[in-house]
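Peer 1: Take a look at this one; I'll ask things after.
The values are calculated or read from the model by the stated rules, or taken from the named source; none is laboratory data. Please read all numbers here as calculations on a predicted model, not as lab measurements. Neighbour counts run over all protein chains shown; Cβ positions are idealised from the backbone, glycine included.
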Amino acid sequence: MTSSQRPTGLFHLGYMVTVAIKGIDGVIETALGLLLAIAGTQRLADAILGFIVPELEEHPASRMWQAAHHGATNLSHNSGHFAVAYLLIHGLLKAGIAYNLLLEKSWIFIPAFVVLTGFIGFMGIRLIEHWSIWLLALAVFDMITLALVINEYVRLKALSRRG
């Protein structure tokens, strides 16, 4: 792509930033999934609680620390199989898709549409089963990402038709 063909504009910038965030998040999710698989939920929950409890004692009215405490306590009561599988699958898919989208590989757009739509649908079902503002935020972020990926796909298709 020559410098005169380099895309500009807010939507393309939003696309690049969003996809980069998705890729970084995918790598982090994969690492957390591996950590959870290796350490186990109880050991990880104990480590998190060791950090959170002193903060919660210092700031008992903090909703953030209360939510973190609640999440770590719930983690210690679960086997973590779902969390491990979700983090590994979701993380690897996001990292791989983001990497190929940033390289503008044309073959990745349709699989990206399918995977993002699948994750949005899955999160919608999970939201119906158990409401979570965090899951809603992730679903909205995925919807924004999907819209930006579709916009980029249309832009690249129009560019390839022109020349």
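Peer 1: Restricting attention to region 26-61, report how many residues are within 30 Å of residue 102 (Cα to Cα) and β-branched (Val, Ile, Thr).
Peer 2: Step one: filter region 26-61 for residues within 30 Å of residue 102 (Cα to Cα), giving 26-37.
Still in the running and β-branched (Val, Ile, Thr): 27-28, 30.
Residues in region 26-61 being within 30 Å of residue 102 (Cα to Cα) and β-branched (Val, Ile, Thr): 3 in total.
Peer 1: Could you tell me how many of the residues in region 136-163 are closer than 22 Å to residue 93 by Cα and of a type in the set (Gly, Ala, Ser)?
Peer 2: 3
Peer 1: Of the numbered conditions (1) surrounded by 14 or more Cβ atoms within 10 Å (Cβ to Cβ); (2) within 20 Å of residue 134 (Cα to Cα), residue 46 fails exactly one; give the number of that condition.
Peer 2: It is condition (2) that residue 46 fails.
Peer 1: Shifting gears a bit: Could you tell me whether any residue of region 76-84 is over 15 Å from the mean Cα position of the chain (by Cα) and among the hydrophobic types (A, V, I, L, M, F, W, C)?
Peer 2: Checked region 76-84: at least one residue is over 15 Å from the mean Cα position of the chain (by Cα) and among the hydrophobic types (A, V, I, L, M, F, W, C).
Peer 1: Could you pull out the residue among 158, 98 that is small (Gly, Ala, Ser) and either closer than 25 Å to residue 40 by Cα or touching a residue at least 12 places away in the same chain (Cβ under 8 Å) (or both)?
Peer 2: 98
Peer 1: How about region 115-153: which of its residues are more than 30 Å from residue 70 (Cβ to Cβ) and either exposed (fewer than 11 other Cβ atoms within 10 Å of the Cβ) or not aliphatic (A, V, I, L, M) (or both)?
Peer 2: Within region 115-153, 117, 151, 152, 153 qualify.
Peer 1: Let me ask something else about it. Need a quick list: helices (runs of 4 or more DSSP H) entirely within region 52-163 having at least 1 residues that are touching a Lys or Arg at 6+ places or on another chain (Cβ under 7 Å). Show your work before the answer.
Peer 2: Details: elements: 63-77, 81-102, 109-129, 133-162.
Filter on region 52-163 gives 81-102, 133-162.
Peer 1: List the pairs whose first member sits in region 10-32 and is basic (Lys, Arg), whose second member is surrounded by fewer than 17 Cβ atoms within 10 Å (Cβ to Cβ) and part of a helix (DSSP H, G or I), and whose Cβ atoms are under 9 Å apart, counting only residues at least 6 apart or on separate chains?
Peer 2: Cβ pairs passing all conditions: 22/141.
Results for (1) at pLDDT 90 or above; (2) surrounded by fewer than 19 Cβ atoms within 10 Å (Cβ to Cβ); (3) more than 16 Å from the chain's Cα centre (by Cα), shown as yes or no for each residue.
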site: 25; (1), (2), (3): yes, yes, no
site: 54; (1), (2), (3): no, yes, yes
site: 61; (1), (2), (3): no, yes, yes
site: 94; (1), (2), (3): yes, no, no
